[in-house]
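Down below is the structure, laid out as structure tokens.
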Amino acid sequence: MNWLREVARRLRMLMHRRQFDADLEEEMRLHLELRQQEHLESGMTADSARAAARRRFGNVTALREKSHMAWGWGWFEHLVQDVRYCLRMLRKSPGFTAAAVLTLALGIGANTAIFSTIDAVLLRQLPFANADRLVFVWATDAQRGVNEDVTSFPNFEDWRAQSKSFEAMAAFTTRRAMLSDGEKAEMAPAVQGTPGIFELFGVSPVLGRTFRPEEMEAGGSHVVVLGDAFWKERFGGRADVLGQTLRVNEEPYRIVGVMPPGFRISRDKPERIYVPLVRDPSRGHGFLMVLGRLRPRVSIGEAQTEMSVIARRLADAYPKQNGGAGANIVPLVDAMAGGAKTGMMIFLGVATLVLLIACTNVANLMLARSASRMKEMAVRAALGAGRRRILQQLLTESTVLALGGGVAGLLVSSWMARALVASLRQFNVPRLADTHTDALVLGFTLVVSLVTGIFFGAVLGFSAGSSKLNDVLRESSRSATEGARGRRLRSALVLAETAMALVLLAAAGVLLKSILVMRSTAPGFRSENMLAVEFWLPARRFAHDPERIQFFKSALARAETVHGVRSVALVADLPLGGGSDSLGFHIPGKPDPAPDKPFQSLFNVASAGYFRTMGIPLRAGREFGDLDSTNTAPVVVINESAARRFWPGEDPLGKHISLPDTTVLTVIGVAGDTRQLSLGAAPRPEIFLSYMQPGPPWSWLVMVARTDGDPAPLAATIKSAVQQVDAGVPVTDIRSMDDVLALSLAQPQLFAGLVTAFAALALMLAAVGLYGVVSYTVAQRTHEMGIRVALGAHRRDVLSLVLKQGLGLTLGGALVGMLCALGATRLLVHLVPSIRPGDPLTLTAVSALLLGVALAASYLPARRAMKVDPAIALRYE
């Protein structure tokens, strides 16, 4: 307990410092008086006795310092003194303080805003018991290079039976379902899961129960568990909802439970209902996502090793279905974030570059300010302050400044984070709405502020330590400078921030060029005056081809009667609508690409007049017509990419393909390519089937209508016309094709906008930094320039001298930045796959922009240097 008493004693000294100093002063005075009295009694004069007493007692100031060290914490007292001195100095320089704090606030605020979203999406613990042990178990396909793929029901059962690393394992798939309570119907996201999926999360329903094992069998699966939001919206949160009937895809389901608020399984849109998953015996049908809870003290690495062995075992046992398949275990929090994790980490890197540029700017400001304080530092050293003590003072000043920037950065980050969440909300990033400033975000801001302060404080200390004491003391305060090392350091900082600015400008440039390329890319169809109405066919009501085909004919006939509609047609997957389907097929007379691997292509379904309505040109043959029906031979229309891929150098008209069900179809036309998946992705082979002939039972379809003018006023009328045919067919979405095009560009444009904003901020900071360095150099070399002019130098020579310095620094930074940009911009492929990272034209353009801004930043101080009056400059000292 001695240490506690020691701490208490030192704390009392710090809290009662004035009383301690007074007592110490009184005690030393008494000692001196006693010594002086002794010398007086020995016969000394008063002055001699006083002098002898002081010599015998020793250095009063040194003894006072030793007493403070013995009774208190010297380092803490020095820190308090340094902070007080720093605050006085900053108060005396409000312009410098405001500029430095604002610069740091922008850099720290940007990093804090990005980190707060990362904290909400990736770092904050999931609201489940043992959340750190919850994982996604993905299938992998080495042949396709896929690391996160779905698996089949038999594979899932084998994984669960053979693995020892997991305490529990469950599977699910996401679907859209039509929900009806007898009054109104809606299409809603749903989850089909195996029994035990809720228990795996450690979550119990607030009402009722979850699934039972026997409810996974066909016929016994008609029970439903409601999500909290759907329960409150549709049933008003009533407790008597249990046992009621909800029609799911037109079949009655009995409500058996309600899940608690905030619970979700899907990483896409939050699900509204949960229904049992019926076992599918096909090992080749991959559609399941698998969740697992690791046993205690089992690491992800150990589980990964075991699952890899099991996957190889299944690949050997079932080579046709599982050839090249593996397993990949990902923590649940990472899997829920999906592709958002990569984007957030890239943006954090971008914000870090901005912070580094801000740090170099503030370091340059402090270096310029410290030049006038070199004499102060030299005097401190002459009075006994060691290098360590001076460095401590400088670090304290920089840290206090950085903490001020951090506090202001919290205000900036609050605004930035709200804007970022609002921008990302349309992409359904899980837990993004939970973004707020918590203890971890505050700790991150504190750490970033401290590291920032130490960074440019160390730079300042390095520069201050380069001055020679005698030289500085011989100079006047007006002419004191930081020396050659300081000048080189300032130039190096400008070069570094210029290089970092170029990296961000290059990133913004390649993203903006990618957007411009996508905007100028022809989608393959005409989007003006086009309306797309998406609706869903209940499978139970339209289980057979005759009913489906009759509905198609009636719906098209009704829509064509709407005034202002030129033509209408149907398609399953709308170009750029976000949907696509692939099928394998064979070409009679041609061998398959590999054993058990048929040809692959996108497959779509369209009605007569589709290509004409969409404005897709026909390159050869014809499109579907009214004569193509169930009574005629099945036909297909292919796009140009399919013609080039499957029949290179041949006329594809009249060629045949066969589907897995042995149906043989004849190619009757070749249509122009459309951008089905993205404006930035090259067209893929696509084969169109006819809606009026038997084929795969697609449940969703889109009616496209070309109108005489703006299609928006006709949306409600066309919707009504479709539902007059069958009121039980829900319309799930209505959009113009111009909106479809705009939505396909929304995500790339958001990424480009964010990076461009950061790049513009970096460019502004770099320009300010360069301007500060050149202006400071001009001020320091005023005397030299006056001599040059007095000796006959032309003023344009002075202008050239100053401009060369600024452009030289910028050019050096641009060369370094260009090399870094070649590697850094490759990371942006994760955001927008269609970009060209090493585009020389873009790098040249951003380098020219940077040099142009540098020229402007250097020109202002250069003009000031041209106007130097030699007579005044020679009297400068």
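The values are calculated or read from the model by the stated rules, or taken from the named source; none is laboratory data. Since this is a predicted model, take the numbers as computed values, not measurements. Here the Cβ is made from the backbone with ideal geometry for all residues, glycine too, and neighbour counts use every protein chain on show. Keep in mind that these areas ignore ligands, DNA and RNA; they rest on the heavy atoms of the full protein, side chains included. Shrake-Rupley method; radii C 1.70, N 1.55, O 1.52, S 1.80 Å.
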- By my count, strands (runs of 3 or more DSSP E) wholly in segment 674-745 with at least 3 residues that are open to solvent by 20 Å² or more (accessible area, probe 1.4 Å) are 731-736
- Message: For the structure I just gave you, tell me whether Pro598 is open to solvent by 30 Å² or more (accessible area, probe 1.4 Å), in contact with a His (Cβ under 9 Å, 6 or more places away or on another chain) and not acidic (Asp, Glu).
- Response: yes
- Query: outside the structural domain of Leu714 (by TED's automatic domain parsing), more than 16 Å from Val740 (Cα to Cα) and in contact with a Gly (Cβ under 8 Å, 6 or more places away or on another chain) - does that describe any residue in segment 520-529?
  - Reply: no
- Note on the structure: If you go through Phe136, Phe128, the only one that is surrounded by fewer than 22 Cβ atoms within 10 Å (Cβ to Cβ) and either in the same structural domain as Gly406 (by TED's automatic domain parsing) or in contact with a Phe, Trp or Tyr (Cβ under 9 Å, 6 or more places away or on another chain) (or both) is Phe128
- Query: For Arg519, which of the numbered conditions (1) under 26 Å from Ala712 (Cβ atoms); (2) open to solvent by 20 Å² or more (accessible area, probe 1.4 Å); (3) assigned to a loop (DSSP other than H, G, I, E, B) fails to hold?
  - Reply: (3)
- Item | Residues of segment 223-278 that turn out to be small (Gly, Ala, Ser), closer than 19 Å to Met178 by Cα and open to solvent by 50 Å² or more (accessible area, probe 1.4 Å), as a count | 1
- Task: Return yes or no: is Gly301 farther than 16 Å from Ala177 by Cα, touching a residue at least 60 places away in the same chain (Cβ under 8 Å), of a type in the set (Gly, Ala, Ser) and open to solvent by 40 Å² or more (accessible area, probe 1.4 Å)?
- Result: no
- Message: Any residue that is assigned to a strand (DSSP E or B) and in contact (Cβ under 8 Å) with a residue 60 or more places away in the chain - is there at least one of those in segment 197-213?
- Response: no
- Note on the structure: Only one of Arg234, Arg247, Arg279, Arg254 is assigned by TED's automatic domain parsing to the domain that holds Gln304 and part of a loop (DSSP other than H, G, I, E, B), namely Arg279
- Note on the structure: Subset of segment 577-602, residues under 42 Å from the mean Cα position of the chain (by Cα) and in a strand (DSSP E or B), comes to Ser582, Leu583, Gly584, Phe585, Ala594, Lys597, Phe599, Gln600, Ser601, Leu602
